[in-house]
Amino acid sequence: MKLFFTKKKWSEYRESLTGPLGFVPTMGALHAGHLKLVHEARNNNDFVAVSIFVNPKQFNNTEDLINYPNTLEQDILVLSQAGVDAVFLPSSSEVYPENDTFITAVPGKSAEGLEGAFRPGHFEGVVNVVDRLFEWIHPHNAYFGQKDLQQCLVIQEFASEKHPNLKIVTVPTEREKNGLAMSSRNLRLSEEGRNRAAVIFEVISKMKDSTADYDWAIEYLKQYEIETEYLTNIEISLNTDTGLMTKAWVFAGYLEGIRLIDNVLYN
Ligand code: AMP
């Protein structure tokens, strides 16, 4: 497995590749959810590249950025074991050189509301980094997790305009045995917190089958010390391995000061 720290070195390598390239962008602190994306990429491409870059521009909360977990040595080990060909590890100045142009408008309606509303600037940051990475990595297929549902929708919409030859593949959420969606931020929860957080998936799975008012759900989550930021159902259009999904229940909230998100998709 090769490691690249600069665009220049990466481009030399990229030019030598013939055949489909699958790309998985990440912020590191890798877990089985990230690896699911990597396996999907491995099974459908001749080459697989993963990027690890904690993108400062997508953090609307400085404390969250400072505390973002870093397990780089372990990440590199698991990626090489997963059969990844190349890892791109750019520095911040490589990604955002001085006097560079920053896209300020996030295209499309998918960035409105939910994360777009509660995390101002978040999707601008995401779109900016992903745009640069797509330009440099120049993949045929790029893999994103359905755990970050709105991100999938934003990128799907953005890529269809700006990178029309690139296929965006969305991969189902990998969960702990208790149902908790895997997330790098779970590392910051206590063991008890990780147990309690399982109730989020329990609740949103029940919402899917009920037409009942969801105040009960917010109260129920409170009993587990989970403060809901939003819990709502939305209309979507997302291609998945089981076909087009048209609806989702989406949740965001806080437990032990850590922001957690999850969703269930349905038709
Ligand atoms: P991150 O490192 O959090 O930016 O995530 C990198 C990619 O992994 C994004 O496309 C995420 O949606 C995806 N991802 C994160 N957690 C999971 C999970 N539990 N299951 C599947 N994909 C995930």
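Values in this text are rule-based calculations from the coordinates and carry no lab data. Every value quoted in this text rests on a predicted model; they were computed, and no experiment measured them. Methodologically, a virtual Cβ is constructed for each residue, glycine included, from the backbone with ideal geometry; neighbour enumeration extends over all protein chains shown.
Observations on the structure shown:
- Pair E12, Q223: separation of 7 Å Cα→Cβ label points (nm): 6.2
- Note on N178 and T104: with the Förster distance fixed at 45 Å, the Cβ-Cβ geometry gives a FRET efficiency of about 0.65.
- Extension gain, L3 back to I234 (0.36 nm per residue minus Cα-Cα distance, nm): 79.1 nm
- Here K177, K167 are placed in order of increasing Cβ neighbour count within 10 Å, fewest first, which gives K177, K167.
- Helix 32-44 axis versus longest C-alpha principal axis of the chain: approximately 50°, rounded to the nearest ten.
- ³J(HN,Hα), Karplus 6.51/-1.76/1.60, whole Hz, each residue of the range 72-81, x for Gly, Pro: 4, 4, 5, 4, 5, 4, 5, 5, 5, 5
- Taking Cα centre as origin and charging only the Cβ of basic (Lys, Arg, +1) and acidic (Asp, Glu, -1) residues, the dipole magnitude of the chain rounds to 540 debye.
- Extension gain (nm, one decimal) between D131 and E256, 0.36 nm per residue minus Cα-Cα: 41.7 nm
- Near-label residues of the range 224-240 by backbone N, under 16 Å of a point 7 Å along Cα→Cβ of K206: 224-228, 231-232
- Percentage relative contact order, the chain, counting C-alpha pairs under 8 Å, at least six apart: 18
- For the range 2-171, average projected area of the Cα convex hull in nm²: 9.4
- Mean projected area of the convex hull spanned by the Cα atoms of the range 158-267, taken over all viewing directions: 8.0 nm².
- As a rough guide to protection, the peptides 228-234, 60-66 ranked by mean Cβ packing within 10 Å, highest first, stand as 228-234, 60-66.
- Between W216 and D64, full extension at 0.36 nm per residue minus the direct alpha carbon distance yields a gain of 51.8 nm.
- Helix-derived mean residue ellipticity, 222 nm - over the chain, DSSP H n ≥ 4, -39500 (n - 2.57), to 500: -11000 deg cm²/dmol
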